[in-house]
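The values are calculated or read from the model by the stated rules, or taken from the named source; none is laboratory data. Computed from a predicted model, the values in this text were never measured in an experiment. Every residue, glycine as well, gets a Cβ built from its backbone with ideal geometry; the counts of neighbours run over all protein chains shown.
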Amino acid sequence: MIAYLECFVSESRHDDGVSSLSKALGLQGTVADFGGEAGRDFGGMKSFPPLAFIRPAGADDVARVVKEAARSSNLTVAARGNGHSINGQAMADRGLVLDMRSLGEHLRVVRAIDGTVYADVSGGALWEDVLKRCVSEHGMAPRSWTDYLSLTVGGTLSNAGVSGQAFRYGPQTSNVTELEVVTGKGEIFNCSEKENSELFFGALGGLGQFGIITKAKVLLQPAPDMVRWIRLVYTEFDDFTRDAELLVTRQDDGGDSFDYVEGFAFANSDNPADGRPSVPLDPQETFDPAHLPRTSGPILYCLELAHHYRNTDRPSSVDTGVNRLLGGLGFVEELKFQVDLTYVEFLLRVKRAEEHAKANGIWDAPHPWLNMFVSKSDIADFDRTVFKKILKDGIGGPMLVYPLRRSKWDTRTSVVLPESEIFYIVALLRSTPPYPKGPSAENLVAQNQEIIQYCTRKGFDFKLYLPHYRSQEDWKRHFGSDQWSRFVERKKCFDPMAILAPGQKIFSRVP
Ligand code: FAD
């Protein structure tokens with residue numbers, strides 16, 4: 001078989017070679033020509049062409065490919081979701097890349113005996129398709145989301161999956177009850193908290209290291225009809241964090257809160273991409289800087305909230321409910337922006353930003369993004385140095401910063417977190433035109449390094465989210481000794497030859 005793959009390399013551009021490979025593997029699905037897609041990602045800074053880009057039709061095909069790779073001395077296999085990684089994590093340099101989207105749109109909504117409702121979905125399904133089908137066919141929706149939904153179920157579950165609902169329900173990894181996984185030995189398992197639990201928790205947040213997720217059971221709840229989407233401006237970081245933390249903990253005392261809580265820092269400038277004009281939600285609304293105190297600094301903050309409601313709710317009761325939740329918050333009263341939209345429109349809000357970025361060439365430019373979790377105890381220092389000094393002119397895109405709660409995450413998964421109960425996600429979603437119109441990607445990567453080094457030097461309690469390291473020493477430090485030992489044990493058990501997800505650069509393929 002491997003001779004066949006080698007032959008495929010030289011003949012890869014011929015349809016014959018492609019279909020023969022598919023036949024030789026006995027796949028239901030297909031093997032694509034190189035394309036180029038499999039050697040690129042959203043980050044746009046790495047490019048590793050694979051040996052073949054394979055479109056599996058189901059878990060059996062995935063297992064067949066992994067088993068074939070295991071027979072060789074050096075082949076690796078990368079599951080590619082929608083390729084929205086930044087640093088080549090879904091690539092396999094001269095290895096086999098699986099196009100997980102080809103697993104199809106399998107979706108079945110099931111009500112368990114205990115009343116729990118979940119969707120049984122393909123690991124390669126896009127969350128936007130899961131949303132549309134769950135809402136339109138069943139009036140239900142997953143509880144926990146990412147901001148942007150053209151990401152696959154398996155891709156986000158391999159990391160965590162975080163958005164403004166995570167303070168209440170935890171990340172997406174806390175909202176699945178069962179997975180179907182193909183391990184690095186080519187075995188297919190169903191796993192859950194009770195069955196093959198080590199594989200279940202290992203795969204969640206496991207950076208693709210222990211298995212390829214081919215199906216997931218995702219918890220659902222009734223979908224609301226409408227959302228009131230609100231933005232509140234703050235000039236002081238202390239006021240912003242006090243209110244954000246209040247909103248993400250209020251439910252503990254039986255209080256009510258918003259259904260979504262996020263926040264971001266933005267430049268106190270008139271730059272449309274990342275300054276004051278980027279804040280209003282409705283084109284009719286404007287941000288009048290005259291409402292800002294004279295003492296305002298170079299960076300301002302915005303709490304972003306959402307309140308769900310039904311079409312049958314009276315407008316006055318929606319207003320009353322929202323005003324009650326806003327009561328006592330210390331934002332600049334004149335700088336409150338809001339819009340009402342359907343639940344699906346709200347969840348697909350970043351799709352509109354994508355269309356805009358595609359139209360002006362920014363979507364396809366390199367994206368040296370940096371995502372981190374920073375403990376509550378260090379976030380004020382982070383703000384003083386990183387937002388107010390290093391990034392005081394903005395980054396051409398959103399600088400998300402909002403609190404999350406450790407107790408909503410399951411520490412049996414592979415995700416690593418800071419120690420404190422409240423920690424902040426910081427996401428520097430740099431969106432600048434390609435060099436030379438914008439800054440060079442190298443300079444932005446260097447700025448990311450400067451930020452990481454500052455956090456390290458100051459001894460901050462922080463972790464990278466969607467991590468990327470070059471050496472195993474760095475990975476060990478990232479996990480910390482206990483979690484690293486567990487990660488290595490899981491690797492030995494489920495992918496002993498280190499065939500899977502080579503683009504993460506954690507383990508080397510065992511010959
Ligand atoms: P890929 O990039 O294709 O793969 C990521 C990793 O997972 C690779 O190592 C790959 O081998 C592995 N993998 C993929 N599929 C599987 C599978 N089925 N089984 C096992 N391993 C698999 N993240 C958030 O948490 N919240 C956000 O709000 C958010 N917004 C984003 C917005 C944009 C515009 C972008 C580009 C990214 C965003 N992300 C966000 C990050 C995103 O969650 C990750 O990049 C995720 O990995 C992308 O999913 P994907 O399907 O494209 O995965």
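A few comments on the model shown:
- Just one of the listed residues (THR173, THR177) is buried (at least 23 other Cβ atoms within 10 Å of the Cβ) and either in a loop (DSSP other than H, G, I, E, B) or of a type outside the set (A, V, I, L, M) (or both), namely THR173.
- All positions within region 422-450 that are of a type in the set (Asp, Glu) and either over 25 Å from LYS376 (Cβ atoms) or modelled with pLDDT under 95 (or both): GLU442
- ALA290 meets each of the listed conditions (1) within 13 Å of LEU232 (Cα to Cα); (2) assigned to a helix (DSSP H, G or I) apart from (1).
- Candidates ALA359, ALA365 - the one that is over 17 Å from ASP259 (Cβ atoms), exposed (fewer than 14 other Cβ atoms within 10 Å of the Cβ) and not aromatic (Phe, Trp, Tyr): ALA359
- Any hit, region 463-479, residues being modelled with pLDDT under 95, crowded, with 19+ Cβ neighbours inside 10 Å and under 22 Å from the mean Cα position of the chain (by Cα): no
- The lone exception for PRO283 - which of (1) touching a residue at least 12 places away in the same chain (Cβ under 8 Å); (2) within 32 Å of the chain's Cα centre (by Cα) it fails: (1)
So that you can scan it fast, the table gives a plain yes or no per residue for (1) modelled with pLDDT under 95; (2) away from the ligand (no atom under 11 Å from the Cβ); (3) over 25 Å from the mean Cα position of the chain (by Cα):
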position	(1), (2), (3)
GLY88	no, no, no
HIS106	yes, yes, no
ARG111	yes, yes, yes
ALA119	no, yes, no
GLY123	no, no, no
LYS132	no, yes, no
SER136	no, yes, no
ALA141	no, yes, no
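- Within region 66-86, the set of residues being buried (at least 24 other Cβ atoms within 10 Å of the Cβ), of a type in the set (A, V, I, L, M, F, W, C) and within 13 Å of the ligand (Cβ to nearest atom) comprises VAL66, VAL77, ALA78, ALA79.
- Verdict on GLN453 being farther than 23 Å from ASP383 by Cβ, more than 16 Å from the ligand (Cβ to nearest atom), at pLDDT 95 or above and not in a loop (DSSP other than H, G, I, E, B): no
- Under the condition of being crowded, with 18+ Cβ neighbours inside 10 Å and in contact with a Leu (Cβ under 9 Å, 6 or more places away or on another chain), the residues counted in region 101-127 number 10.
- Restricted to region 407-438, and to residues there that are within 16 Å of the ligand (Cβ to nearest atom) and of a type in the set (Lys, Arg), the residue that is surrounded by the fewest Cβ atoms within 10 Å (Cβ to Cβ) is LYS408.
- Only one entry in GLU450, GLU442, GLU473 is in contact (Cβ under 8 Å) with a residue 40 or more places away in the chain and charged (D, E, K, R), namely GLU450.
- Scanning region 144-203 for residues that are charged (D, E, K, R) and within 13 Å of the ligand (Cβ to nearest atom) returns ASP147, GLU180.
- Once region 204-222 is narrowed to residues that are of a type in the set (A, V, I, L, M, F, W, C) and surrounded by 20 or more Cβ atoms within 10 Å (Cβ to Cβ), the residue that is farthest from the ligand (Cβ to nearest atom) is LEU220.
- Hey, ASP252 within 26 Å of GLY161 (Cβ to Cβ), at pLDDT below 95 and either within 16 Å of the ligand (Cβ to nearest atom) or part of a loop (DSSP other than H, G, I, E, B) (or both) or not: no
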